[in-house]
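Below you'll find the structure, written out as C-alpha cells, and then a few comments.
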Amino acid sequence: MKNLPRRIFSLHGSYLAVFLGTIALLAASRRFVKNAAAREWIFAGSQVAVLLLIVDIDFRGILFLVLPLLCLVFLMARWLAPKPGWVRPRGALAGAILLPVAVLTFVKYAFAGAILGRLLGAAGWRPAPFAVVGLSYLVFKAIHFLVDVSSGRVSAPTFRSFLCFMMLYPTYLSGPMDRYGRFRRDFENPLPLTRDDTAEACWRIALGLFKKTVLAALCAPFAYASFTTAELGAISAGKAWTAVYAYAFMLYFDFSGYSDLAIGSARLFGIAVPENFRNPYLKRNIIEFWTAWHITLSTWLRDYLFMPIGKALMKRKRGGGSNLPVAAASYIITFAVAGVWHGDGWNFLAWGIWHGLGLSACKAYGEWSRRLPAGYHRFMMETFPGKALATIVTFHFVILSWTLFANDLPRAAILYRRLLGIG
Amino acid sequence: MIDSTPIRDFIRTRLLRPGSPAPGEDDPLFSNGRIDSFGVLELIAFLEEQYGIVIDTAKHHIMDFDTLRKVAHVVAQEREGGRRG
C-alpha cells in the first residue's frame, strides 16, 4: 500500500511516455520521411509495437493469434475483391467470414471452447491459453472489411493501412469502431494538427479522464457491483433503484469517457475517429436511442446484420400485409447477436432480446399510432410535456435493461423483485 | 433520371408520420430521423417492386437513400446496370 502512489505514477508515467513518444515519432516521420509507404509503415508499426509493449495486454494474444488472423483476413479479402473476368465462388464470402467468427466463438465463449476440446479428444484444452483482448471488436471490423472489399465498395486495400486500421491503439480495446474506407483517407493523408486542433484534442482527453476517473467513480459505490448477491436479496426498493440509476450513469460516463480519450488521442495522430455517443439518455424512443449510444457498433449492426437480414426476410414475405413481423424478426435476431457479442453469459443474450423486443414494440407503436389524430402526434413530437414523457419512458426502458447487462440472471431476477418491492 | 413522384408518395403515405409535408428533392429523410433503417428497407422493397430492379444492400450505403434525389439516382443506376447486365 505504501508504494501505491509511486506505482500509479510509474504506470501512468509509462503510458504517458509511450503516448507522447508515438505522437513525436509520427510528427517526425511526417516531416522527415519523404517516402509515403515508409511513413505509413512507421505509423502502422508504431501502433502494433505499442500494443505489444503495453503492460496489461498479453503480447502472446497479439503475436500468436491476432496478427496471424489479420494476415489471413487480409489475404482472403484480396482474393474476394472483384476482378475483371473473375466470378466469385458461391459461398466464398460466407466462408471467409466464418473464420474470424469461429476464432471469436472458440476463444471468447467457454462452452464453445469446451466443445471443441471434447471433439479434439482433449478435455480441458483451451483454443488460446493466453488472454486475447479486443478480439470482439477486431472480428466485427474484419467482417466489415471482408464485406466491403468483396462488394467493391473499398478498392485495392494495402496491408499497412489494414494493419493500422485494425490495431490503432487508442481504439483497439473498446472502439469507436471506424470503417476502413474512412480511416484510410486519414491514414494516407493525416489531418493537420493546428494549435486549435491540438487544444480540441487535449480537451477531449481531459474530458474523457474526468468522466472516467471522477464522474464514473462517483457513481460506482452505489451501483450493482458494490452489493454481494446475499446483500441484494435484502436491500430496499429505494436502494435497488439507486443502484439502477447509479449503474446507468457509471456506464455512460465510463464508456463515453473512454470514447473521448480514444477520439482525442487518435486526433493527435492525425486520425478523426467517428463519434460514439450523442446524448443517448435524452432520446425519445428506443430506435432513436440506438442512433446515439455506441454509435459505431449500432451502425455496424445496422449495415452488416439488420439490413441483410431484413432484406432477406422482406424478399421471402413479398405480397401485401404488414411488415411488422419482418421488422420484429430483424430487430430480435440483430440484437440477440449484439447481446452475445458483448459477453459470455445468458444474461447478455437476454439483454439483446430485451432491446430487440423494445425496438419491435417501438415500430409497432409507430404503425398503430398512425391512426391517431394529427393533434396527438403534434403533442408527442412538438410539445415539452410530450417530449419529456417519451424521454422518461425510453430512459427507464434502457436503464432497466442494464440490470441484465451487469448481472447474471439469478442476480438480475433478485434485483427486479427488489425494484418492485417483492420477494 | 426517373420521375420521383411515386417514390415521394410512398414515402409520404407509408413512412413519414401522419400530417408530415411531402419531402422535397433534397430534404434529408434518414439522417434527420424522419425515417428509420427499417423504413429504408421498406423503401427498397417498394423500389424493387415498382421499378423491377434488384438493390444489393452490400453495394449501397444507407445514406444513398437519404434524399429523394439520391433515391432516384440509385433507381436510375440500377436500371442502367440491369439493361447492361
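None of the figures in this text is laboratory data; all of them are computed from the coordinates on show. What you see is a predicted model, and the numbers here were worked out from it, not measured in a lab. Glycine gets a Cβ as well: all are built from the backbone with ideal geometry, and neighbour counts include every protein chain shown.
What ³J(HN,Hα) values, in whole Hz, does the Karplus curve 6.51 cos²θ - 1.76 cosθ + 1.60 give for the range B:6-11 when θ = phi - 60°, with x put for Gly and Pro?
In residue order, the calculated couplings are x, 5, 4, 5, 4, 4 Hz.
For chain B, what is the mean residue ellipticity at 222 nm derived from helices alone (per DSSP H run of n ≥ 4: -39500 (n - 2.57); sum divided by total residues; nearest 500 deg cm²/dmol)? Walk me through the intermediate numbers first.
Numbers: 3 runs with 38 residues, N = 85.
Using -39500 (n - 2.57) per qualifying helix, the result is -14000 deg cm²/dmol.
For the protein assembly as shown, what does the equivalent ellipsoid look like in terms of its semi-axes, each the square root of 5 times an eigenvalue of the Cα gyration tensor, given largest first in whole Å?
Details: eigenvalues 268, 215, 121 Å².
Three semi-axes, in Å: 37, 33, 25.
For the range A:195-268, what D do you get in µm² per second when you plug the Kirkwood radius from alpha-carbon pairs into Stokes-Einstein at 4 °C and 1.567 mPa s?
On the way: Rh = 13.4 Å.
Using the Kirkwood radius from Cα pairs, D works out to 97 µm²/s.
What number, in percent, do you get for the relative contact order of chain B if the mean sequence gap of Cα pairs under 8 Å and at least 6 apart is divided by its residue count? Could the numbers behind the result be given before it?
Values: 75 pairs, mean separation 31.1, N = 85.
Dividing the mean separation by the residue count of chain B yields 37 percent.
For n ≥ 4 DSSP H runs only, could you compute -39500 (n - 2.57) per run for chain A, divide by its residues and tell me the 222 nm figure to the nearest 500? Could the numbers behind the result be given before it?
On the way: 21 runs with 290 residues, N = 423.
Roughly -22000 deg cm²/dmol at 222 nm, from the helical runs in chain A.
From the phi angles alone, apply the Karplus equation (6.51, -1.76, 1.60; θ = phi - 60°) to the range A:182-189 and give each ³J(HN,Hα) in whole Hz, x where the residue is Gly or Pro.
Values per residue, Gly and Pro as x: 5, 4, 4, 4, 6, 5, 7, 9 Hz.
Hey, got the average number of other protein chain Cβ atoms within 10 angstrom for residues in A:304-310?
Working: counts 2, 0, 5, 9, 3, 1, 8.
Averaged over the peptide's residues, the number is 4.
Where the centre of each part is set by its Cα atoms, how far does the range A:174-243 sit from the range B:66-82, in angstrom?
Cα centroid of the range A:174-243 versus Cα centroid of the range B:66-82: 40 Å apart.
Among rounded, prolate and oblate, which fits the range A:64-215 when a ≥ b ≥ c are the square roots of the eigenvalues of its C-alpha gyration tensor, a/c under 1.5 means rounded, and a/b larger than b/c means prolate? Intermediate results must be reported in sequence, preceding the final value.
On the way: a/c = 3.04, a/b = 1.24, b/c = 2.46.
Oblate, since a/c reaches 1.5 and b/c is not below a/b.
For chain B, I need the span (max minus min coordinate) of the C-alpha atoms along each principal axis, in Å, sorted largest to smallest.
Taking max minus min along each principal axis of the Cα atoms, chain B gives 41, 24, 20 Å.
Filter the GluC sites (Glu not before Pro) in the range B:25-58 down to the DSSP loop ones having no more than 16 other Cβ atoms within 10 Å, then list what survives.
On the way: sites: B:E25, B:E42, B:E48, B:E49; in loops: B:E25.
Counting only loop positions with at most 16 other Cβ atoms within 10 Å, the GluC sites (Glu not before Pro) in the range B:25-58 are B:E25.
Which whole-Hz couplings ³J(HN,Hα) result when phi for each residue of the range B:52-68 is put into the Karplus expression 6.51 cos²θ - 1.76 cosθ + 1.60, θ = phi - 60°, listed in order with x for Gly and Pro?
Those phi angles translate into x, 10, 10, 9, 8, 5, 6, 8, 10, 7, 4, 6, 5, 10, 7, 10, 4 Hz.
Within the set of other residues whose C-beta is less than 15 Å from the C-beta of A:C219, count the net charge using Lys and Arg as +1 and Asp and Glu as -1.
Once all neighbours under 15 Å are counted, the net charge is +2.
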